[in-house]
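**Student:** Below are the structure tokens for one structure; questions will follow.
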Amino acid sequence: SPGLYIVAGPIGNLSDLSPRAAEILRDADVIAVEDSRVSARLLRHAGSDRPMVPYHDHSDERVRARLVERMAGEAVALLSDAGTPLISDPGYKLVRDARAAGRMVTSLPGPCAAIAAITLSGLPSDRFLFMGFLPSKTKARSDTLDEIRAVRATLVFYESGPRCAAALGDMQAVLGDRPAALCREISKTFEEVLTGSLSELAAACAAREPRGEIVLVVGPPGERPPPDEAEIEAALRDALARLP
Ligand code: SAM
């Protein structure tokens, strides 16, 4: 039926494409993609010969309007170079406009590097904050980290190999030396997970730049710092006041 199909693709291992996702890729009238060379490989794997159109959220408004128009009578699939569309990838504005126009919107869920990394990290998974890519310059990166310093959740970042050592160093400086995990090449031949404190991981990355695609997972802040004198005094006063 007509509408928008948000299709999650693999994050490295083609076999992770779900049968339902492959079916939509074969049946869609058009497939909106980031990079047609990257997606051509997946379409071949899925046995799809459907036409592709390039789409980015910063594409011309008319490109998006045209796609939303087509969804009235055609099945439009949205596919990213890797993993789940919209997650540090294009698509948010397309979904927003499709909804505003009353089109059918559905998701074919699947691989996502952030979710896979959380499950691999050994860090608390009950609450997490996905931060996507941090700014590349130290000042802007430290400012962003400072904004989330007190958030009581596991933090998840996408990062590139050459920036890892500097990013981990800034994290240690701003967030304190928390436990962390560097998850690399998930679902690929050289999948690897390094765990340790932020300072240990920063040193490891400085000694040898990690290759491939990387997700950094950082544990929540430690328990509340011990109360200061004023807090103890207030608690004592409170307790005394309650005595019968
Ligand atoms: N939409 C994708 C998803 O669902 O994960 C993310 C797209 S984002 C542009 C690409 C980043 O995701 C990479 O720079 C890397 O940080 C992370 N990533 C993608 N594939 C990965 C993999 N196989 N292993 C580790 N990280 C990966």
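Derivation of every value follows stated rules applied to the coordinates shown; laboratory data play no part. The model shown is predicted, which means the values in this text are computed figures rather than measured ones. Quick reminder, even Gly has a Cβ in these numbers, built from the backbone with ideal geometry, and neighbours come from all protein chains shown.
**Student:** Expressed as an acute angle from 0 to 90° and rounded to the nearest 10, what is the orientation of the C-alpha long axis of helix 61-70 relative to the principal long axis of the chain?
**Tutor:** Roughly 60 degrees, rounded to the nearest 10.
**Student:** A follow-up question, please. Looking only at Cα atoms, what is the convex hull volume of region 200-244 per residue, in Å³? Spell out each step's value before the answer.
**Tutor:** Values: hull volume 4.4 nm³, N = 45.
Residue-normalised Cα hull volume stands at 99 Å³.
**Student:** What is the chain's relative contact order, in percent, from Cα pairs under 8 angstrom and six or more apart in sequence?
**Tutor:** Worked out over the chain, it gives 19 percent.
**Student:** What are the equivalent ellipsoid semi-axes of region 164-244, built from the alpha-carbon gyration tensor (square roots of five times its eigenvalues), in whole angstrom, biggest first?
**Tutor:** So the equivalent ellipsoid measures 43, 14, 7 Å along its semi-axes.
**Student:** Continuing with the same structure: What are the principal axis extents of the Cα atoms in the chain, in Å, biggest first?
**Tutor:** Principal axes ranked by extent give 74, 51, 33 Å for the Cα atoms.
**Student:** Hey, can you rank 19-32, 82-95, 37-50 by average C-beta count inside 10 Å, highest first?
**Tutor:** The peptides rank, most packed first, as 82-95, 19-32, 37-50.
**Student:** Further, regarding this structure: Might you list the cysteines of the chain that have no disulfide-compatible partner by the rule of another cysteine's Cβ under 4.7 Å?
**Tutor:** Among the cysteines of the chain, those whose Cβ sits 4.7 Å or more from every other are 112, 183.
**Student:** When all C-alpha to C-alpha distances in region 1-83 are sorted into bins of 10 Å, what percent of pairs does each bin hold, rounded to whole numbers?
**Tutor:** Calculated P(r), rounded to whole percents: 19, 55, 23, 2.
**Student:** How much length is gained if the chain between residue 49 and residue 69 is pulled fully straight, taking 0.36 nm per residue apart and subtracting their Cα-Cα distance, in nm to one decimal?
**Tutor:** Length gained between residue 49 and residue 69: 5.0 nm.
**Student:** Kirkwood-based Rg over Rh for region 69-133 (C-alpha set), two decimals? Display every interim value, and only then the final one.
**Tutor:** Details: Rg = 14.8 Å, Rh = 13.9 Å.
Using only Cα positions, Rg/Rh for region 69-133 is 1.07.
**Student:** Pulled fully out, how much extra length does the chain show between residue 40 and residue 136, if you take 0.36 nm times their separation in residues and subtract their Cα-Cα distance?
**Tutor:** So the chain would gain 31.5 nm between residue 40 and residue 136.
**Student:** If you fit an axis through the alpha-carbon atoms of helix 36-46 and take the longest principal axis of the Cα set of the chain, what angle between them do you get, 0 to 90°, nearest 10?
**Tutor:** The angle comes out near 80 degrees.
**Student:** Return one number: the angle in degrees, 0 to 90 and rounded to the nearest 10, between the long axis of the Cα atoms of helix 138-147 and the longest principal axis of the Cα atoms of the chain.
**Tutor:** It works out to around 70 degrees.
**Student:** Counting pairs of Cα atoms in region 58-105, how many percent are more than 18 Å apart?
**Tutor:** On the way: 293 of 1128 pairs.
Cα-Cα pairs in region 58-105 separated by more than 18 Å: 26 percent.
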